[in-house]
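In what follows, a structure is listed as structure tokens, so that the remarks can point back to it.
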Amino acid sequence: MNIGIVGNGVVGNTLADIFHKLGHPIEIGVRNLKEEFEKKSHIEYVQMEDITKDNEVIILAIPGDKLESVLLKIKNPEGKIFIDLTNPIGPDYMLLRGRYTSNGELAQEILKDSHIVKTLNTLGIEKIKHPSIREEKLTMLLAGNNKNANKKVEELLSEMGFDPMLVGDIHFSRYLEPLAMIWIEMVRKQGKSPENGLVWKR
Ligand SMILES: NC(=O)c1ccc[n+]([C@@H]2O[C@H](COP(=O)([O-])OP(=O)(O)OC[C@H]3O[C@@H](n4cnc5c(N)ncnc54)[C@H](OP(=O)(O)O)[C@@H]3O)[C@@H](O)[C@H]2O)c1
């Protein structure tokens, strides 16, 4: 499956490597293709605005507080699947949006003819790379409106080594985004080991 990633940062690059190893062709959309930056041979680089052209699934790996401006540039493609892993975090790891809305819902509002799936936002990149603890798969929660899109994303999560668990429609993003704050508080703020994650027994 052709996968596009918007954002050339830590998360974007790590996911590019993971999905490349799993056999998926990868494009990264950058803000300015003409600028000098380090390029990897297994990744194609395109201008961010063009990321939806050749990719079935597009991962949004940009700062959560920049989501709206980036999506307005991408415009409103039809029938694409977007994985939104952003968290609306501002200075000092404060959550900027929540309770009555979320980045996932905002993305679905802007890209109304595509399918947003919220996932991969509740765990640090260290555990996204290695999604198990003592050989037990970590659960990755997801939420989205479209059955086929959810199924495709569940398949990708399984390929990565997660145990995916669909929670409900995209409005559940407003509960998944604050959930990220637990991992962020423990690991990024308190300095505890990144070797932790949620297993939802069922
Ligand atoms: N870090 C984690 O462990 C983790 C885990 C789960 C989810 N997340 C979420 O993943 C997202 C990305 O995190 P990250 O750690 O990869 O951040 P990062 O290293 O700062 O990378 C973000 C990338 O977004 C692009 N970007 C920055 N400002 C932009 C703007 N105004 N317009 C368009 N693109 C812009 C930049 O790529 P270019 O300069 O190439 O355009 C940058 O490399 C965040 O929303 C975060 O909450 C992070």
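The numbers here are math on the coordinates, done by the rules we state, and not lab data. Bear in mind that the values here come from a model prediction, so they are computed numbers and not experimental data. FYI the Cβ positions are ideal-geometry reconstructions off the backbone, even for glycines, and counts take in every protein chain you see.
Tabulated data for the structure shown
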{"quantity": "Filtered trypsin sites (Lys or Arg not before Pro), the stretch 117-186: DSSP coil and at most 15 other beta carbons within 10 Å", "calculated": "Arg134"}
{"quantity": "Fewest-first sequence of Glu49, Glu27 by Cβ atoms within 10 Å of each Cβ", "calculated": "Glu49, Glu27"}
{"quantity": "Taking Phe82, Phe172 and counting other C-beta atoms within 10 Å, the order from fewest to most", "calculated": "Phe172, Phe82"}
{"quantity": "Cleavage-rule hits (GluC sites (Glu not before Pro)) in the stretch 89-158: DSSP loop, at most 14 neighbouring Cβ within 10 angstrom", "calculated": "Glu135"}
{"quantity": "Set of lysines with alpha-carbon distance to Lys127 below 25 Å, sequence-local pairs under 8 removed", "calculated": "Lys21, Lys39, Lys40, Lys66, Lys118, Lys137, Lys151, Lys152, Lys189, Lys192, Lys201"}
{"quantity": "Eligible aspartates and glutamates near Lys129 by straight Cα distance, threshold 18 Å, same-chain separation 8 or greater", "calculated": "Asp17, Asp84, Glu154, Glu155, Glu159, Asp163, Glu195"}
{"quantity": "Phi-based couplings in Hz for the stretch 46-52 (Karplus 6.51, -1.76, 1.60; Gly and Pro marked x)", "calculated": "9, 5, 3, 5, 9, 5, 7"}
{"quantity": "Sparse-neighbour loop sites [chymotrypsin sites (Phe, Trp or Tyr not before Pro); the stretch 90-167; at most 15 other C-beta within 10 Å; DSSP]", "calculated": "Tyr100"}
{"quantity": "Fully extended contour minus Cα-Cα distance, from Asp54 to Ser41, at 0.36 nm per residue", "calculated": "2.8 nm"}
{"quantity": "The chain: calculated mean residue ellipticity at 222 nm from DSSP helix runs of at least 4, using -39500 (n - 2.57)", "calculated": "-8500 deg cm²/dmol"}
{"quantity": "Cut-off under 5 Å, modelled amide H: who pairs with Asn145 long-range", "calculated": "Ile116, Ile170"}
